[in-house]
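Comments concern the structure below.
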Amino acid sequence: MSDAGVSTVHAAGGTANLTELKPRTVRQDARARAVRLWNRAAQAVMLLLIGQWSFYGIFRCPFVVPYISCQNCPVVACHGRLFTMFWGVWAGWLALAALFGRAFCGWACPGGTVNRLLGLFAPLRLKPGGLAARLLPFGKYGGLALALWAYFVLGQPRVNVPIRTGEFFGAVALTFEHAMPLWLVRTWAVAGILALGVAVSAAWCRFACPAGGVLEAVRRFAPFSVYKTDACNGCDRCRKACYMATRPEETNCTNCGDCLGSCPQDCIGMGRKPR
């Protein structure tokens, strides 16, 4: 039993309370383990299904804004060309966001999975409530604004030569060799912020991802989420368990459920928040 559970029993002052709390704690732990298992399985499956598309979007897509012009893309080897219902894919993405907020980031995004792995041993954590922790998450909206500017103002231009031949990594190297400056700036900026995730967990997802900016804007309206109740005492154990360094219902929460077993007050739930 957790320290908090023991404290609760002592405060209640009775053996009857001990027998009452123990099964509840076991159910908590079992639920947390089950959610974590399903989460990791979903990430692995989605990495297999759309991981190549995700990688190509960064390192081979000829457009400034990847993933949204696949029907016109000449890189025939990219799995993005295989989605015959391409806009149907994005319709599903938006429907998922409307129901579950940023769940795509925490359960399905290959980039999010890579970011989580990179950040497993990240040594730096921003001080909760500090200036950097409050301001840097707005970077997602800056990334989104740049993407919208490139698509609508610049007209989503092709800014590299789509290499169709050669070995996989050889083709990537040729893509860099023949790319225009705008593509190089965009790609090195993305790669640099991804690499920053080794020092600051999930730096790309928390501070720069344009898609994360869209999902963050609709997250608070989603009816289903990981939530916390009024019993929260602000101990921050959930924040320490979170690869996004946040708490349920707060900025950057992806509803991954990693925090479910962390709360000594049992105030974290998953689903539709009770009124």
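Please report, as a whole percent, how much of the solvent-accessible surface of the chain comes from carbon and sulfur atoms (probe radius 1.4 Å).
C and S atoms contribute 68 percent here.
Just to confirm, what accessible area per residue do you get for segment 20-82 at 1.4 Å probe, in whole Å²?
About 55 Å² of surface per residue is accessible.
Hey, can you list the DSSP H helices of the chain whose Cα span along the axis is 30 Å or longer and whose average Kyte-Doolittle score is at least -1.0?
Correct list, ordered by number: 15-59.
With a 1.4 Å probe and all protein chains kept in place, how much accessible area does PHE63 have, in Å² rounded to the nearest 10?
Surface accessible to solvent at PHE63 totals approximately 20 Å².
How many Å² of accessible area per residue for segment 176-275, probe 1.4 Å?
Spelled out: the 1.4 Å probe surface of segment 176-275, per residue, equals 46 Å².
List the pair-distance distribution P(r) of segment 234-275, using every Cα-Cα distance, as the percent of pairs falling in each 5 Å bin from 0 up to the bin containing the longest distance, rounded to whole percents.
Computed distribution, short to long bins: 5, 26, 36, 23, 8, 1.
Using 0.36 nm per residue of separation minus the Cα-Cα distance, give me the extension gain between PHE121 and ALA145 in nm, one decimal.
Gain on stretching PHE121 to ALA145: 5.5 nm.
How many percent of the alpha carbon pairs in the chain exceed a separation of 22 Å?
That fraction is 62 percent.
How long are the three semi-axes of the equivalent ellipsoid for segment 69-199, computed from the Cα gyration tensor as the root of 5 times each eigenvalue, in whole Å, largest first?
The equivalent ellipsoid of segment 69-199 has semi-axes of 28, 21, 17 Å.
Sorting ASP29, ASP236 by accessible area (1.4 Å probe), largest first, what list results?
Final ranking, largest accessible area leading: ASP29, ASP236.
Provide, for the chain, the number of lysine pairs with alpha carbons under 25 Å apart, each pair being eight or more places apart or on different chains.
11
PHE176 versus LEU99, label points 7 Å from Cα toward the beta carbon: distance in nm?
Label at PHE176, label at LEU99, 4.1 nm between them.
The values are calculated or read from the model by the stated rules, or taken from the named source; none is laboratory data. Fair warning: this is a prediction, and the values are worked out from it, not measured in the lab. FYI the Cβ positions are ideal-geometry reconstructions off the backbone, even for glycines, and counts take in every protein chain you see. Quick note on the areas: whole protein, heavy atoms, side chains included, nothing else; ligands and nucleic acids left out. Shrake-Rupley method; radii C 1.70, N 1.55, O 1.52, S 1.80 Å.
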